[in-house]
Amino acid sequence: MMKRLFAAIGALTMSAVMVLTGCGSSSSSSSGAAASSDEDKSLQKVLDSGKLMLGLDATFKPMGYTDENNEIVGFDIDCAEEVCKRLGIKLEKVGINWDTKELDLDAGKIDCIWNGLSVSDERKKVMLMSDAYMENKMVFVVKKDSDINKLTDLEGKKVAVQNGSTADNILKESDIGKKITKSAMQTNVEALNQLDLGMCDAVFLDSVVAEYEITTSGKALRVLEEGLEPEQYAIGFRLKDKALCDKIYATLQEMKKDGKLAEISAKWFGKDVTTVK
């Protein structure tokens with residue numbers, strides 16, 4: 001009798017346990033069945049509509065930006081195009097204001113944010129983030145002939161940074177951020193133009209963007225050896241859209257295995273810089 005009682009209790013306990021896997025920032029729900037239903041709808045909605053609405057700041061080279069032909073191109077765009085091709089849907093690129101990107105996502109204007117989106121604890125509170133697909137670090141860019149060579153040289157200087165970016169938050173919370181004058185810009189392109197014109201002393205931004213811009217623009221700029229904390233790029237979704245998140249990241253994993261992701265990476269960076277497993 002006691003054995004049967006313990007077995008029954010054990011069975012009830014096991015049936016109450018739920019384990020969530022997949023996208024890195026999945027949130028648990030007390031209403032498991034309802035949450036599962038909502039998550040399934042997120043993927044089905046995209047498949048039924050035949051399109052994925054991708055939100056981006058269309059100035060973020062080389063991840064996603066508008067080229068000289070007024071076409072939105074970039075590493076993230078090529079990856080998303082391939083994912084959509086494999087899912088049998090069309091990619092639609094939607095330019096958004098980076099400072100209000102979370103509002104556009106929650107309002108359903110876009111299905112995801114895929115544009116060099118850095119992972120942060122604050123962002124995990126308001127969106128579901130996929131596992132990381134690339135590593136990045138935050139750096140300072142100065143003019144080649146600048147007398148700024150280390151972080152302490154930035155004290156009292158004017159530093160431009162993109163408003164609403166993780167670079168902005170990191171700079172605010174850093175020690176050096178308390179010793180500089182911060183100039184908030186709408187985009188990294190605008191910030192780098194300000195530097196080139198001598199209207200600021202440095203720009204704080206993603207190394208991926210900095211290195212690409214210096215290589216392709218021909219501007220007399222350089223990256224300081226000393227930077228701040230490293231980061232990772234991921235794709236952002238609405239908190240409930242786990243099925244969509246899982247499916248897109250699983251497709252990236254397929255692309256990693258068959259070499260397509262490495263091919264796209266080599267096109268933009270000269271080598272495979274992705275971290276998809």
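Could you pull out every one of the lysines with an alpha carbon less than 17 Å from that of residue 137, ignoring same-chain neighbours closer than 8 positions?
61, 150, 172
Given 240/260; 51/242; 45/260, which pairs have Cα atoms separated by over 21 Å?
240/260; 45/260
Quick check on the chain: helices-only [θ] at 222 nm, where DSSP H runs of length 4 and up contribute -39,500 (n - 2.57) each and the sum goes over total residues. Nearest 500, please.
The per-residue figure over the chain is -12500 deg cm²/dmol.
Out of the DSSP beta bridges found with both residues in the range 43-163, what percent are antiparallel (nearest 5)?
35
Give the average over all directions of the projected area of the C-alpha convex hull of the chain, one decimal, in nm².
With the hull built on Cα positions only, its mean projection is 18.4 nm².
In a shell of Cβ-Cβ distance under 13 Å around residue 121, excluding residue 121 itself, what net charge do Lys and Arg (+1) and Asp and Glu (-1) give?
So the surrounding residues net to -1.
Which percent, nearest 5, of DSSP beta bridges in the chain are antiparallel?
DSSP beta bridges in the chain are roughly 60 percent antiparallel.
What is the sum of charges around residue 81, taking Lys and Arg as +1, Asp and Glu as -1, for the other residues whose C-beta is under 15 Å from the C-beta of residue 81?
Within the 15 Å Cβ shell, the charges total -2.
Given contacts defined as C-alpha pairs under 8 Å and at least six residues apart, what's the relative contact order of the range 136-231, whole-number percent?
Across the range 136-231, relative contact order equals 49 percent.
Where the centroid of each part is defined by its Cα atoms, how far is the range 221-260 from the range 148-190 in Å?
25
Within the range 136-231, what percent of beta bridges assigned by DSSP are antiparallel, to the nearest 5?
Antiparallel: roughly 55 percent of the beta bridges in the range 136-231.
Give the cross-link partners of residue 143 among the lysines, using a straight C-alpha distance below 18 Å as the criterion and excluding same-chain residues fewer than 8 apart.
Here the lysines satisfying the reach criterion relative to residue 143 are 157, 158, 182, 219.
So for 229, 263, 102, fewest C-beta neighbours within 10 Å to most, what's the order?
So the ranking, lowest neighbour count to highest, is 229, 263, 102.
May I ask for the net charge around residue 167, where only other residues with Cβ less than 12 Å from the Cβ of residue 167 are counted and Lys, Arg are +1 while Asp, Glu are -1?
Net charge around residue 167: -2.
Relative contact order of the range 118-277, please, whole-number percent, based on alpha carbon pairs below 8 angstrom and at least 6 residues apart.
Here the relative contact order equals 38 percent.
Any read-out appearing in this document is the output of simple, stated calculations on the displayed coordinates, not a laboratory observation. Please read these numbers as outputs of a predicted model, since none were measured by experiment. Cβ coordinates were reconstructed from backbone atoms using ideal geometry, including for glycine residues, and neighbour counts include every protein chain displayed.
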